[in-house]
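Visitor: Pasting a structure below so you can have a look.
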Amino acid sequence: MAKSNDTSPERISEAEHAVMEVLWDRETATAAEVCEEVCEKRGWSLPTVKTLLSRLVQKQAIETRPDGRRFLYSPLMQRSDYVGGESRRLVDRLFGGKAASLVAHLAESEALTGDDLAEIEALLKELKQ
């Protein structure tokens, strides 16, 4: 999926994202530690987590290294890089590449609170400086 001049990993699924969140929070974790965080909430088993970790390794989103009889997993991508890429894809796909159209849609659908609007205004002021 990645182009030869594009070093970003393949897109990750919603389930893989749940695993990434654990790794971003912990920086390094075993499959069992990831399972402790997500298995009960999502109705997953340890083999499910191991499958997701394996997929993330194949996608080059995480790395793995042996630690005795277990493996340690660490993210290769930063959370901010992932969020930035996904945000850009969303704006491109749904709003013709125009972030203002996204904000307008949220405002029109009353999805923005007064606090949200204040944060957006403060961000815009900061960006203009």
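The values are calculated or read from the model by the stated rules, or taken from the named source; none is laboratory data. Quick caveat, the model's predicted, so the values are computed rather than measured. For neighbour counting, all protein chains shown are included, and Cβ atoms are generated from backbone atoms with ideal geometry for every residue, glycine included. Just so you know, the surface numbers come from the protein's heavy atoms only, side chains and all, with ligands and any DNA or RNA stripped out. Shrake-Rupley method; radii C 1.70, N 1.55, O 1.52, S 1.80 Å.
Visitor: Label-point separation (nm) for SER45 and ALA107, each offset 7 Å from Cα along Cα-to-Cβ?
Guide: 5.2
Visitor: Provide the FRET efficiency to the nearest 0.05 for the ARG65-LEU123 pair, computing r from the beta carbons and using R0 = 41 Å.
Guide: Here the calculated transfer efficiency is 0.60.
Visitor: Continuing with the same structure: For the chain, set up a Gaussian network in which alpha carbons nearer than 10 Å are linked by springs, and say which option among ALA18, ALA104, ALA31 fluctuates the most.
Guide: Fluctuation is largest for ALA104.
Visitor: Picking from VAL34, VAL19, VAL83, which is most flexible by a Gaussian network model of the chain using Cα springs under 10 Å?
Guide: Taking springs between Cα atoms under 10 Å, the residue moving most is VAL83.
Visitor: Once every DSSP H run of n ≥ 4 in the chain is given -39500 (n - 2.57) and the sum is divided by its residues, what mean residue ellipticity at 222 nm do you get, rounded to the nearest 500 deg cm²/dmol?
Guide: -20000 deg cm²/dmol
Visitor: Under a GNM of the chain (C-alpha, springs under 10 Å), which listed residue has the highest mean-square fluctuation: THR48, THR64, THR113?
Guide: THR113
Visitor: Let me ask another. How large a share of the accessible area of the chain, in percent, is made up of carbon and sulfur atoms when the probe is 1.4 Å and the other protein chains stay in place?
Guide: 50
Visitor: State in Å² the accessible area per residue of the chain; use a 1.4 Å probe, count heavy atoms of protein chains only, and round to the nearest integer.
Guide: Per-residue accessible area for the chain comes out at 71 Å².
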